[in-house]
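The values are calculated or read from the model by the stated rules, or taken from the named source; none is laboratory data. It should be emphasised that the depicted structure is a prediction, and the values quoted were computed from it without experimental measurement. Cβ sites come from the backbone with ideal geometry, for glycine too, and all protein chains shown count toward neighbours.
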Amino acid sequence: MTTPKIGGIAGIIEALLYVIGFVFLALVFGPAMAEGTSDLDKLSFVLENKTLYQVWNLLIYVVFGLVLIPLTIAINGHFQSGSLMSSKVAPVLGFIWAVLVIAS
C-alpha cells in the first residue's frame, strides 16, 4: 500500500472515530449526565456502564492517537514537495498532537 492510501484510510478512520465518539456522548452518556442529575446518579451510571465507558475512552483517545501517527506521516509525505517550513513543522505538530491525545 502506498503512503497516500494509508493516509487516506487513516483519515477516514479518524473521522469515524470522531463521529462515533460524539454519537456515544450525545446518545449514551448525554442523558445520564444531564443537568439536574445528582452527582451520585452520575457516578452510579458510570460505574454501571464502566466497560462501555472504558471502550469509549479507548476509542476516542488511544486508537485515535495511534491512527493519527500514519496520518501525520502521510501528510508529511505530501508536504515534502512543498515549502520547507511546512515539511518541517507538520510532522512535529502531528506527532505532538498524537502523544497528547494518547496521554489524555
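Could you say which residue among ALA10, ALA26 is at pLDDT 95 or above, in a helix (DSSP H, G or I), out of contact with any strand residue (DSSP E or B) (no Cβ under 8 Å at 6 or more places or on another chain) and among the hydrophobic types (A, V, I, L, M, F, W, C)? Full working, then the answer.
Numbers: ALA26 fails: at pLDDT 95 or above.
Checking each option against the conditions leaves just ALA10.
Just the residues that are without any contact (Cβ under 8 Å) to a residue 12 or more places away in the chain and surrounded by 14 or more Cβ atoms within 10 Å (Cβ to Cβ), please, taken from the range 27-45.
Hit for the range 27-45 is LYS42, nothing else.
Within the range 29-83, count every residue that is among the charged types (D, E, K, R) and modelled with pLDDT of 90 or more. Working first, answer last.
Of the range 29-83, the ones among the charged types (D, E, K, R) are 35, 39, 41-42, 48, 50.
Checking the rest, the ones that are also modelled with pLDDT of 90 or more come to 48, 50.
Of the residues in that region, 2 qualify.
Please enumerate the residues belonging to the range 46-101 that are farther than 15 Å from LEU17 by Cβ and touching a residue at least 40 places away in the same chain (Cβ under 8 Å). Can you show your working first?
Initial filter on the range 46-101 (farther than 15 Å from LEU17 by Cβ): 46-54, 72-96, 99-100.
Correct list: ILE73, ALA74, ILE75, GLY77, HIS78.
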